[in-house]
Amino acid sequence: MSELNTTIAGEVKRCNIFFATVYWTLPSTGVHLYNNITLIVVSLVVSLSGIIANVLVVICYVKNPRLRTLSNIPLLSLAFSDLLVSAVVLPLCVAKFIEEIYGIRNCILWASKGLATYFSIGVSLLSVIVISAERFITLAYPYRYQAILTKIRMNMAVAAVWIVIFVVVISNIIGLIPFDVLQAIATSITGLCIFFMLIVWIWVYKLLKNHVRKINTSHSPSAVSKPETSQQQSYRNTRASGVIVFGLIISYIPSVVMLVYFWTEPESFTGIFLVSPWGETLLLSHSLFNPLYVFWRKSTFRLTAVSFIRRWTTPGVE
């Protein structure tokens with residue numbers, strides 16, 4: 001194992017396995033100890049809450065036929081990737097923090113945690129790209145989007161997201177893509193995806209503003225009391241998707257900054273063990289924020305979840 005930090009010789013080292021990871025050879029003390037304890041508590045709360053919330057999203061989609069729409073397919077993909085984060089990645093993070101406290105080294109566990117993180121976060125990011133593209137096409141081509149966007153094409157796009165990320169991660173495991181290259185790919189793709197989403201959603205909200213203005217000028221005052229049209233529902237879905245996208249962008253920014261920082265300061269103990277875990281935890285916490293956004297902005301999901309919980313907790317209630 002090669003030494004990383006010559007100023008703290010023998011304390012910060014690198015695992016010589018397929019997924020490069022570093023470890024602290026001594027038990028955690030002081031700020032490092034309290035930092036890990038706090039991260040353990042936060043990760044456990046987010047993990048348990050995220051599992052419950054994302055399972056509810058999946059149940060709502062399965063139970064309510066009204067929710068099995070084209071626009072909700074990538075949301076289902078996002079829920080499964082978030083469930084992977086909540087049920088697998090965050091518990092692995094907790095195990096890593098506990099081992100750091102006692103000065104235990106487990107390179108295989110930590111590498112598995114790193115690969116699971118890259119996989120689940122990659123799927124989440126690309127699923128949000130699909131959500132953004134779907135919203136743009138719906139607003140930019142209101143009379144042709146049903147011909148452009150079909151369930152088969154949407155399912156193929158979602159399947160492609162999972163397959164591409166899986167192939168990239170497996171390529172690192174079998175040695176086709178070195179970790180440094182994988183890190184560079186992850187940083188570049190994340191930056192490009194965030195830039196793409198910002199551009200798309202600036203355009204989407206311009207289209208949304210124009211459509212709303214046309215509706216307001218063409219409808220008479222009495223039309224306000226009429227049932228919501230499919231166009232108006234589409235705009236509500238767009239606003240809901242926008243909240244999810246911008247929330248995810250905000251959670252990604254600290255991790256992108258840390259990845260860039262590690263290229264210039266790869267041996268910083270403070271960056272590796274004190275600051276970076278918080279950026280990663282914020283990023284992984286979006287596995288809880290995403291379903292909360294869905295229930296907050298999409299009333300059909302919220303009402304279906306409430307109905308299911310009532311039936312489950314109150315026997316005999318239909």
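Counting only residues that are touching a residue at least 40 places away in the same chain (Cβ under 8 Å) and either assigned to a loop (DSSP other than H, G, I, E, B) or over 17 Å from V42 (Cα atoms) (or both), how many does the range 93-105 have? Even if it seems obvious, please write down each step before you answer.
Narrowing the range 93-105 to residues touching a residue at least 40 places away in the same chain (Cβ under 8 Å): 93-94, 97-98, 100-103, 105.
Add one more test, that the residue is either assigned to a loop (DSSP other than H, G, I, E, B) or over 17 Å from V42 (Cα atoms) (or both), and what stays is 102-103, 105.
Matching residues across the range 93-105 total 3.
Hey, among the residues in the range 173-194 that are polar (S, T, N, Q) and at pLDDT 80 or above, which one's surrounded by the most Cβ atoms within 10 Å (Cβ to Cβ)? Write out each step before concluding.
We begin by selecting, within the range 173-194, every residue polar (S, T, N, Q); these are 183, 187-188, 190.
So of that shortlist, the ones also at pLDDT 80 or above come out as 188, 190.
Numbers: S188: 11, T190: 19.
If we take residues in the range 173-194 being polar (S, T, N, Q) and at pLDDT 80 or above, then T190 is surrounded by the most Cβ atoms within 10 Å (Cβ to Cβ).
What do you reckon, is S81 open to solvent by less than 20 Å² (accessible area, probe 1.4 Å) and in contact with an Asp or Glu (Cβ under 8 Å, 6 or more places away or on another chain)?
no
For the range 195-211: of the residues being surrounded by fewer than 16 Cβ atoms within 10 Å (Cβ to Cβ) and not hydrophobic (A, V, I, L, M, F, W, C), which is farthest from A111 (Cα to Cα)?
Narrowing the range 195-211 to residues surrounded by fewer than 16 Cβ atoms within 10 Å (Cβ to Cβ): 195-196, 198-199, 202-203, 205-206, 209-210.
Still in the running and not hydrophobic (A, V, I, L, M, F, W, C): 205-206, 209-210.
Details: Y205: 41, K206: 44, K209: 46, N210: 49 Å.
My answer is N210.
Let's see how each residue does on (1) modelled with pLDDT of 95 or more; (2) under 30 Å from Y293 (Cα atoms); (3) hydrophobic (A, V, I, L, M, F, W, C):
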{"residue": "R14", "(1), (2), (3)": "no, no, no"}
{"residue": "V41", "(1), (2), (3)": "yes, yes, yes"}
{"residue": "S49", "(1), (2), (3)": "yes, yes, no"}
{"residue": "K63", "(1), (2), (3)": "no, yes, no"}
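Under the condition of being touching a helix residue (DSSP H, G or I) at 6+ places or on another chain (Cβ under 9 Å) and of a type in the set (K, R), which residue from the range 207-241 is modelled with the lowest pLDDT?
R236
Of the conditions (1) open to solvent by 40 Å² or more (accessible area, probe 1.4 Å); (2) farther than 30 Å from N237 by Cβ, R68 fails just one. Which one is it?
So R68 meets the others, but not (2).
Name the residue that is modelled with the lowest pLDDT, counting only residues in the range 126-163 that are among the β-branched types (V, I, T) and surrounded by 14 or more Cβ atoms within 10 Å (Cβ to Cβ). Spell out the reasoning first.
As a first pass, look at the range 126-163 and keep what is among the β-branched types (V, I, T): 128-131, 137-138, 148, 150, 152, 158, 161, 163.
Those left that are additionally surrounded by 14 or more Cβ atoms within 10 Å (Cβ to Cβ): 128-131, 137-138, 158, 161.
Values: V128: 90, I129: 92, V130: 92, I131: 90, I137: 88, T138: 84, V158: 96, V161: 95.
Ranking the qualifying residues of the range 126-163, first place goes to T138.
Modelled with pLDDT of 80 or more and over 12 Å from the mean Cα position of the chain (by Cα): is that true of F246 in this structure? Walk me through it before giving the result.
On the way: modelled with pLDDT of 80 or more: yes; over 12 Å from the mean Cα position of the chain (by Cα): no.
Considered against the rule, which asks whether it is modelled with pLDDT of 80 or more and over 12 Å from the mean Cα position of the chain (by Cα), F246 comes out as no.
Yes or no, residue by residue, for (1) out of contact with any strand residue (DSSP E or B) (no Cβ under 6 Å at 6 or more places or on another chain); (2) polar (S, T, N, Q); (3) under 23 Å from A186 (Cβ atoms):
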{"residue": "R66", "(1), (2), (3)": "yes, no, no"}
{"residue": "L75", "(1), (2), (3)": "yes, no, no"}
{"residue": "S81", "(1), (2), (3)": "yes, yes, yes"}
{"residue": "V88", "(1), (2), (3)": "yes, no, yes"}
{"residue": "I104", "(1), (2), (3)": "yes, no, no"}
{"residue": "L109", "(1), (2), (3)": "yes, no, yes"}
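The values are calculated or read from the model by the stated rules, or taken from the named source; none is laboratory data. Here the structure is a predicted model, which means the values were calculated and not measured. Cβ sites come from the backbone with ideal geometry, for glycine too, and all protein chains shown count toward neighbours. Side chains are part of the model used for accessible areas, which takes the heavy atoms of the whole protein and leaves out ligands, DNA and RNA. Shrake-Rupley method; radii C 1.70, N 1.55, O 1.52, S 1.80 Å.
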